[in-house]
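**Q** The structure that follows is given in the form of structure tokens.
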Amino acid sequence: MSLAECYASLARMLDYPGGKEGIVADCGRVGEALQGRDLKSPLEPFGRFVETSTTARLQEEYVATFDFNPAVALYLGHHLFGDHQKKGAYLIRLKQEFGRHGFTPSGNELPDHLPLVLGFLAYLARNAEDGVRRSFVSECVLPGVERLGAAFSARGDSPWKPVVEAARLLCAADSAVPEEGKPC
């Protein structure tokens, strides 16, 4: 699985579930891709949860996890800045970076929504913009994903915790190769 496919699969796994078959397939592919990068995949419990749940249960748990609990909201700016005015500047920077590279998000999510950000990373990987992508991950994505992961640790068990951990692992590995370029 390519890096672009891995980011795209993680984005789908963290988006509102439309059906479980695609999530199960994405989970297996991302788990294999992480192991292929010598990273221990945390996704097995999530895969079991998806396989044994109905789509309605997945949707209910998703809403209970991400919509009713602001501590683990999927908005990176929230985790980095709270309600501080710096969050607005962060959102503007993300949107400018999307535009600078020709990425047009679909839907109405804010630019710091983690599935959207992962989709942008997939886009950059498909377009071989490795230096920009690694810098973007290091500067703009990984700090927020790490704080989101810490918030999950404080919250207790959630089926989506391993998916956030998988995103953190992939982002950390991707940003480990230093290159020039500083988007944020």
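**Q** What number comes out for accessible area per residue over the range 74-132 if the probe is 1.4 Å? Units Å², please.
**A** With all protein chains present, the range 74-132 gives 52 Å² per residue.
**Q** Here's something else I'd like to know. Using the Karplus equation 6.51 cos²θ - 1.76 cosθ + 1.60 (θ = phi - 60°), what ³J(HN,Hα) coupling, rounded to whole Hz, does each residue of the range 52-64 give in order, writing x for Gly and Pro?
**A** Here the 3J(HN,Hα) series is 9, 10, 7, 4, 4, 5, 4, 5, 4, 5, 4, 4, 4 Hz.
**Q** Relative contact order of the range 78-184: what whole-number percent is it, with Cα pairs under 8 angstrom and at least 6 residues apart?
**A** Worked out over the range 78-184, it gives 33 percent.
**Q** Expressed as a rounded percentage, what relative contact order does the range 1-85 have, with Cα pairs under 8 Å and six or more residues apart?
**A** 25
**Q** Normalised by the empirical 2.2 N^0.38 Å for globular proteins, what value does the Cα Rg of the chain take?
**A** Relative to the rule-of-thumb radius for its length, the chain sits at 0.97.
**Q** When the Karplus curve 6.51 cos²θ - 1.76 cosθ + 1.60 is applied with θ = phi - 60°, which whole-Hz ³J(HN,Hα) does each residue of the range 35-51 get, with x for Gly and Pro?
**A** 5, x, 9, 6, 10, 6, 6, x, 7, 4, x, 5, x, 5, 4, 5, 4
**Q** So, one more: Leaving ligands and nucleic acids out of the surface, order Asp174, Asp38 by accessible area at 1.4 Å, largest first. List each step's numbers first, then the result.
**A** On the way: Asp174 10, Asp38 140 Å².
Largest accessible area first, the list is Asp38, Asp174.
**Q** If you don't mind, another one. Determine how large the accessible area of Met1 is when every protein chain is in place; take a 1.4 Å probe and give Å² rounded to the nearest 10.
**A** Accessible area, nearest 10 Å²: 80 Å².
**Q** Under the Karplus relation 6.51 cos²θ - 1.76 cosθ + 1.60, θ = phi - 60°, what is the ordered set of whole-Hz ³J(HN,Hα) values for the range 115-130, x standing for Gly and Pro?
**A** Along the range 115-130, the couplings run x, 5, 4, 5, x, 5, 5, 4, 4, 5, 5, 4, 8, 6, 9, 5 Hz.
**Q** Let me ask something additional. What is the chain's relative contact order, in percent, from Cα pairs under 8 angstrom and six or more apart in sequence?
**A** Once divided by the residue count of the chain, the mean separation gives 30 percent.
The values are calculated or read from the model by the stated rules, or taken from the named source; none is laboratory data. Model, not experiment: these values are computed from the prediction. Note: areas computed on protein heavy atoms with side chains; ligands, DNA, RNA excluded. Shrake-Rupley method; radii C 1.70, N 1.55, O 1.52, S 1.80 Å.
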